[in-house]
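I have placed the structure first, in the form of structure tokens, so that the comments after it can refer back to it.
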Amino acid sequence: MTVAASLPAARYGPLPETVRRALPMMPAVLALVSAPPVGAGSVTPADVVSVALAVWCTVRLLRERERPLTPEAALVLGAPVVGIAVAAVTSLDADASLLGFVRYLQLFVLVPAAMVLLLRDGRDFRLVAWVVVALAVVQGVIGVRQYQTGTGASYVGQNIRAVGTFGPQDVMGMANLVSYGFVVAVALALALAPRASRRQRCTALGAAAVLMPPLVLSFSRGAWIATASVCGAVLFLAGVRRAVAVLIGGFGVGSQLVAEWVDSIGRLAAGPDRSVTDRYTLWDAALGIWREHPVIGVGLKGFPAHRDSHASLALSSASDTAGAGSGFRRQPLLSPHNMYLLVLSEQGLTGLVALAGSWAAMLVLALRRLVSARPHGLDAGCGLIAVGLLVWQAVDFLYADIGGPSTVMTALVLGLAAWWALADAGSVRGSVSRALPKSAGPAELDPPLGHTCFESGVLAR
């Protein structure tokens, strides 16, 4: 019996066959994330399309009366609803809480669940991953051009900050997208099988090299720290020998470029600006709010109303934004710029345990599936990408929170990770079994991470 025949077949009922028709809409959602903001409203085209996808999947679920999500997936993805609902019901500002409830539900429940339903196998996963890389390269090129021509967002008195098409009101948008693309590109390069074409490896590593300069020129310390952390984790999981061979000998990414990147980070980090003081003051304010409302917080979108009564005089009332095609503007500081502290202050321990617990469970399940990828014939390359994106987001949330057009990208990234961690094993296994030749035997099964990954000791059993 062949390996392909021995592996359990994916469950392709009427729902997956119908839902998969919406997959071409995913690149459209990703492209809309990069669209310049329209007007002063907080709802973006990407929000509209992403919610439409989630609603469409819900309607199909009700019509087909299928249950494609496993109980484990439903529990992990649905856990954040507990804290969100409690904070919304107990809030004194019903209108603001309702908006916050919809926003959190969209980003952390509906869109990730829709991704789990839309992605059939590893090929669909890689399609979306490559689209992320392509969009990151486009935004990165625009950002580098902004730095060179002095048409970026204002930074230390000069219009040199690379923000892409996101504008100065969402200065973290390009940094986040470029970071996602960099993580995916590195994971793709390391996850390619030894027999993969040199063109694929060169494309992935070339994209990673192109994304280094705009990542530096985003002047985002949080993005740098998160990206450095993920690179270490991905290299460790992929195996030291594979990592060295690919990054140094396999493609020849010059040490000079890396040295310049590190040197740039050191120069910029040595001169903290006013935003650093504001950030620490906001963190203290969030902790003060939580101490007074430790269990359920002050309600969704309640941080701005309680900020001033808990912040010191060192806090600015707003931050200055300018450049990148926009005039001078004072932007209110409406969040602590730390996702965990934002949830803690607005949803209390109930919300933080539910939301962070969901992410932690997702990471554990993703790592467990990655560890067992080779013995079970799974596409471990997708697992390396998913784990890398999850680790990046977990670290970045120490310095950032949700907000702006790029927030939808965060939901899509969590959806990619959720598919790997929570999707039915048959779907995750499907791409490998269909890719094998009919005469393939157990000895010929060569998943993307190859032997090196499991010889490193991290994934060995």
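Find out how many positive minus negative residues lie around N176, taking Lys and Arg as positive, Asp and Glu as negative, among other residues whose Cβ is under 10 Å from that of N176.
Taking every other residue near N176 into account, the sum is -2.
For G206, what charge total do you get from the other residues with a beta carbon under 14 Å from its beta carbon, if Lys and Arg give +1 and Asp and Glu give -1? Neighbour charge sum, excluding G206 itself: +3.
Bear in mind that the values in this text are calculations on the coordinates, not laboratory data. Because the structure is a prediction, the values reported are computed rather than measured. Heads up, the Cβs are rebuilt from the backbone with ideal geometry, glycines too, and the neighbour counts pull from every protein chain shown.
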